[in-house]
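Structure record follows, encoded as C-alpha cells.
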Amino acid sequence: MPEFNKDVMGVVTERIEERFQMPLADLRRAVEAAPQANPDATSVVHWYGLLAESQDALDTAEDALAAALGTQPGELDDRTMELAHQVNVAVATRDGRVMVVDYLLDPLAPGKRGPGVWRGADPAARRAPALPTSAPVLPDTRGVPARGATR
C-alpha cells in the first residue's frame, strides 16, 4: 500500500476517534451492540467500512497496474490502459467516501439540523422561505400605449 493511502486512512481514523472520544475498534463494537443508540456513530462506522473496502480495492488495482507496468517496456497496451482506468475509478470512489465521512464528522456542515448548526443563523431565520412567496406586483399599464399603436 502506498504511503499516501495509509495516510488517508490514518487521518480519517484519527478524526473519527477524536470526534467520538474512543478508539475506532471500540466504536465499532458499540455500534454493533446498539446501532440505534447513536445514529451519527452508526452512519460514520458504516461509511468508514465502505471506505476501507474501497481502499482495499484501490490497493489491489494499484498492485495490478504496477505489475503490468513492470513487465511491459515501451508503449502501453489496452490491458494496461484498462488497469490504469480501474485505478482512477478506485481513487474517485475512495475519495468520494472520504468526503462522506468528512461530512458526517462535521457538525457544522451545510444541511445538518440542530441548534446553532448554521453558523450564526437563529432557528426562526432557518425556517423562513428562501424566496419571496407573495405574488409579484404588476406595474400600472393604463397610460402606456401599446407598441406600434398611435395615439
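Summary table
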{"read-out": "Two-decimal ratio, the range 57-118, of alpha-carbon radius of gyration to 2.2 N^0.38 Å", "value": "1.77"}
{"read-out": "Net length gained if the chain between Asp59 and Gln21 were fully extended (0.36 nm per residue, minus Cα distance)", "value": "10.8 nm"}
{"read-out": "Å² of accessible area per residue within the range 1-98, as computed with a 1.4 Å probe and no ligands counted", "value": "62"}
{"read-out": "3J(HN,Hα) from dihedral phi, the range 34-48, Karplus parametrisation 6.51/-1.76/1.60, rounded to Hz, x for glycine, proline", "value": "9, x, 7, 5, 9, x, 5, 5, 4, 5, 4, 5, 4, 5, 5"}
{"read-out": "Filtered GluC sites (Glu not before Pro), the range 1-102: DSSP coil and at most 16 other beta carbons within 10 Å", "value": "Glu75"}
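The values are calculated or read from the model by the stated rules, or taken from the named source; none is laboratory data. Keep in mind it's a predicted model, so treat the numbers as computed, not measured. Quick reminder, even Gly has a Cβ in these numbers, built from the backbone with ideal geometry, and neighbours come from all protein chains shown. Keep in mind that these areas ignore ligands, DNA and RNA; they rest on the heavy atoms of the full protein, side chains included. Shrake-Rupley method; radii C 1.70, N 1.55, O 1.52, S 1.80 Å.
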